[in-house]
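Some notes on the structure that comes next.
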Amino acid sequence: MKNLQVLLAVFTFISCAQASAASDEKLIQLLNNVKGNSSTALLAAYTCRDALGITYYKAIRAYGEQALQQLGASSQATKSTFDALESRFKGDKKLLQEKDVMKCVWVTTEANRTFHESQSAISDYNASAKP
């Protein structure tokens, strides 16, 4: 849990253009959900690199970077953020590499489902906010 809090703190520097109206707490909450869920999906993919392959990890990383860019973060900011996350993962001696393929399939599927749902929630929110 402590690792997750550290990961979420890393994302606080990403400025999202859609959150420029600071009074819109619901949108800010939804954006924070996407940022947090993208880091969780990346952590799951990183942990399961041996079981699912490096290609899968790289695809999840690219998808996460793209998702944050679609919310208004620059490509450089997202790359720097994901580089920092990866460095933290590499430096965490308590983070084990999962070898069980079935466990990894389940964990990464759930993490990606939650990530996708948080992205959909923003789309739904934006669609309902249009006149």
Q | Residue within segment 72-87 that is in a helix (DSSP H, G or I), buried (at least 19 other Cβ atoms within 10 Å of the Cβ) and of a type in the set (Asp, Glu) present | A | no
Q) Which condition breaks for Ser128 when tested against (1) at pLDDT 90 or above; (2) more than 16 Å from Ala41 (Cβ to Cβ); (3) of a type in the set (Ser, Thr, Tyr)? A) (1)
Q. Hey, Glu98 hits all of (1) within 14 Å of Leu43 (Cβ to Cβ); (2) surrounded by 15 or more Cβ atoms within 10 Å (Cβ to Cβ); (3) at pLDDT 90 or above but one; which does it fall short on?
A. (3)
**Q.** Filtered residue count, segment 43-71, keeping only those that are of a type in the set (Gly, Ala, Ser) and buried (at least 16 other Cβ atoms within 10 Å of the Cβ)
**A.** 5
Q: Within segment 54-80, work out how many residues are touching a Phe, Trp or Tyr at 6+ places or on another chain (Cβ under 9 Å) and either basic (Lys, Arg) or at positive phi (or both).
A: 1
Q) Which one of these does Asp100 not meet: (1) touching a residue at least 12 places away in the same chain (Cβ under 8 Å); (2) closer than 17 Å to Ala59 by Cβ? A) (2)
Q. What is the residue count in segment 13-42 for residues that are farther than 18 Å from Ile122 by Cα, surrounded by fewer than 12 Cβ atoms within 10 Å (Cβ to Cβ) and either polar (S, T, N, Q) or modelled with pLDDT of 85 or more (or both)?
A. 0
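The values are calculated or read from the model by the stated rules, or taken from the named source; none is laboratory data. All values derive from a computational prediction rather than experimental measurement. Ideal geometry is used to build each Cβ from the backbone, glycine not excepted, and the neighbour counts take in all protein chains shown.
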